[in-house]
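Inspection log for the structure reproduced underneath, given as structure tokens.
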Amino acid sequence: MINQILPERLAPLPTAAPSRRTALALLGGLWLIIFFSSLFNPPLLDDADATHANAARHMALTGDLVTLHVNGIRYLEKAPLPYWLDALSFRIFGFNTFAAHLPQAIGVLLLALLGYHWADKAFRARTALYTGLAILTSIGVFLFTRIYIPEVLLSLFLCTALYCLLNALDHPITVISTQGGCLAAAAKRPASQTAIHTYAMWIALALAVLTKGLVAPVFFFGSAIVYLILTGDYRRWRTLRPFSGLLLFLAIAAPWHILAGLRNTGGLDGHGFFWFYFVNEHFLRFLGKRIPMDYNKLPGYLFWSLHLVWLFPWSLFLPCAFIKGWKVFQQRRSASRHALKFQSLDDAGDEGRSPFRYVRYSVDTFATRTTLLLTIYTALILVFFSISTNQEYYTFPAYLPILMLIAAALSRAERLYSEDKTTHLWMTIAHATLTIVGLAVAITLSVGLWNSRRLPFVPDIGDLLAHRGVGDYTLSMSHLFDLTGPSFAALRLPAALATLAFAIGPTAAWLLRIRRRHLASTLAIALTSATFLIAAHIALVRFGPMLSSQDLAEKIQELEDDHLISRENQVILYGDQSYGSSIPFYLNEDVLLVDGRSTSMFFGSTFPDIPPIFLTRDDLLHVWGTGERKILFVPLEERDRVDHLLGSHKILIEETSGKALFTDRPLDHN
């Protein structure tokens, strides 16, 4: 009977999992190969990646931990914690790509370790290993940590807060064997241990607010309130120490917000930080009325279906997770109807039959509590961003919960593979799909390799792209639509590596599954994905000249070192600073902007004390060819305008991937 009530923790264990030391070594090795090794290249990418790095660079140089600045202009739309971490990294390791992305990589490692520890407590060692593997080898986790955005840190802090919430409310179950079977007794948790988890929850939530803003408490409290109502734990609200905990939360989260509000007043229409950060960046963004309108939204069908890609290859086992969830739901509903309780009788005649006195315990387990909370949390995030404006990576905080539930379902499916026909069927479908997808990818890449076998290798892949401008490049994956046939010649190495991985890995995993070698089969899937991610990183490096302007910054430095231009020059970016945001980072100096009062520069440019960095087209014509040498960066999107504006009164210094550097006078050949 107990096994029916407590299915996850008292059911027979699945086949053996590696020891904790071996599992952690495996996860650490994967992290080193996939994430740490990719910290050194490609260089910082233009747009959000280098923009955020510039904000942290200013912070590291000035020591101003309150007001973010990009190119000398207030940058008030982001919470500060990611930039604090980046500034610290810059102070330790210098201003380079490694230092800029190190906090994110550490965040991925900590997220994987959190997932491992949480799943180990809830679902045991096999699920813990699978959770860590899934986090480290999912396409979305890898893809959305190539640029410096706060989602991985937000996910880490929010999931930590949820884990601490469960531990603070948990009723530890002690399993005791007797001659008649086994009984479970509720063990009293030490008050100090509960307090640690409770205050850790409030601290993690405060850090989440400092990472991403008000969306953090929306997700946490929304999930927690529904969970407390469904479980009846709202009666134990005092356990969560709402008064002292809230004071601790405010002591951590409030000071920066207050200081930022006091130091940044008098912007657009008299608005300051409070209006822009809380109203514009939170409420108006959610409603799609944010100022300026520099973002896009995924169509509904893409928003939902792309999660199969972001969580690939583990998303193939989602049906197993749904089946497991439905069965657990039925078990919980049946248990709640019967309201099973066990109690010893306090009389002499019964003492000989029972070793307990007035012992009661709930049918709930940490596993089912985890499943319920993660399901609520995931649903809230997905529904929230399906309504709000969104980018592909906004639902990143839901990845760990989804992957843990998939890992738990996969572990259970392995245990029941030979017994449950439904589980066997869906496992077969998952492996068949993975094998078909793998062979299709391998064949497609093989055709590309064959067709490009005689094409020359072109290091600057950007010159070979179509530049279709899908979604006006406001979606983070827009550039994927620019790939052309000739550009494939620059991707031979990663394409060959991915071809081998998909041609061998999925088939090997399926054969191992058929032979009931479940651990080896799942490891083969993880290895296939890891190999593909390594190939994807190599491909991203090949895209470096197109996605980053570091080489143009290095060209300016090279000309200065060779005394072909004076170090007393003015670097100008034409258009929005995001087009070439890596240039000021690698030059370690602010630049002038022509028609640059847009996107992230807009609100900061409305303050009265801004530096004189903004030029109009007429201003550019007026200063071009006078005073100090001018070096003009022109993105591909603005080439026609600049050609029409300056005509032949410009000298080309360097051109790469459609981006160009012009100067207003001949080089100094002394």
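Please treat every number below as a calculation from the coordinates, not as lab data. Keep in mind the model is a prediction, meaning the values are calculated, not measured. Cβ atoms come from the backbone with ideal geometry, glycine included; neighbour counts cover every protein chain shown.
Tabulate in residue order the Karplus-calculated ³J(HN,Hα) for segment 371-376, using 6.51 cos²θ - 1.76 cosθ + 1.60 with θ = phi - 60°, rounded to whole Hz; enter x for Gly and Pro.
4, 5, 5, 5, 5, 4
Between L632 and residues 5 or more places away or on another chain, which pairs have amide H atoms under 5 Å apart, with H built 1.01 Å from N, and which residues are they?
Placed amide hydrogens put I572, F662, T663 under 5 Å from L632.
Considering only the other residues whose Cβ falls under 10 Å of the Cβ of T522, what net charge follows from Lys and Arg at +1 and Asp and Glu at -1? Each step should come with its number before you reach the end.
On the way: positive: R126, R513, R517; negative: E414.
Around T522, the charge tally is +2.
Report the GluC sites (Glu not before Pro) located in segment 383-461 that are in a DSSP loop and have at most 14 other Cβ atoms inside 10 Å of their Cβ, or state none.
E419
Taking a threshold of 30 Å on the Cα-Cα distance, which of the pairs K289/K324; K297/K659; K297/K324; K78/K659; K121/K212; K78/K297 fall above it?
Checking Cα-Cα distances, K289/K324; K297/K324 exceed 30 Å.
Which trypsin sites (Lys or Arg not before Pro) in segment 517-606 sit in a loop by DSSP (not H, G, I, E or B) and have at most 16 other Cβ atoms within 10 Å of their own Cβ?
R517, R567
Counting Lys +1, Arg +1, Asp -1, Glu -1, what net charge surrounds A489 among other residues with beta carbon under 11 Å of its beta carbon?
Local net charge: +4.
Give a residue-ordered list of calculated ³J(HN,Hα) values for segment 507-524 (Karplus: 6.51 cos²θ - 1.76 cosθ + 1.60, θ = phi - 60°; whole Hz; x for Gly, Pro).
So the J values, rounded to whole Hz, are 5, 4, 4, 5, 4, 5, 5, 4, 7, 6, 8, 5, 4, 5, 5, 5, 5, 5.
Which loop chymotrypsin sites (Phe, Trp or Tyr not before Pro) in segment 288-328, with loop taken from DSSP, have no more than 16 other Cβ atoms within 10 angstrom of their Cβ?
Numbers: sites: Y295, Y301, F303, W304, W310, W314, F317, F322, W326; in loops: Y295.
Sites meeting the loop and neighbour criteria: Y295.
Which shape class applies to segment 550-663: rounded if a/c is under 1.5, otherwise prolate when a/b exceeds b/c and oblate if not, where a ≥ b ≥ c are the square roots of the Cα gyration tensor eigenvalues?
Rounded.
Explain nothing, just compute: Karplus ³J(HN,Hα) = 6.51 cos²θ - 1.76 cosθ + 1.60, θ = phi - 60°, for every residue of segment 249-262 in order, whole Hz, x for Gly and Pro.
With the stated coefficients, segment 249-262 comes to 4, 5, 4, 8, 8, 6, x, 4, 4, 5, 5, 5, x, 6 Hz.
I need the calculated FRET efficiency for the pair L416 and A520, taking r as the beta carbon distance and R₀ as 22 Å, to the nearest 0.05.
Computed FRET efficiency for L416 and A520 comes out at 0.75.
With a ≥ b ≥ c taken as the square roots of the eigenvalues of the C-alpha gyration tensor of segment 542-586, please select rounded if a/c is under 1.5 and otherwise prolate if a/b is larger than b/c or oblate if it is not?
Verdict is oblate for segment 542-586.
Residues with amide H under 5 Å of V70's amide H, sequence separation 5 or more or different chain, H placed in the peptide plane at 1.01 Å from N; which?
Y75
Per-residue counts of other Cβ atoms within 10 Å, averaged by peptide: what ranking do you get for 72-83, 36-47, highest first?
The most tightly packed comes first, giving 72-83, 36-47.
Tell me the net charge near F95. Cut-off is 15 Å between Cβ atoms, F95 excluded, with +1 for each Lys or Arg and -1 for each Asp or Glu.
-3
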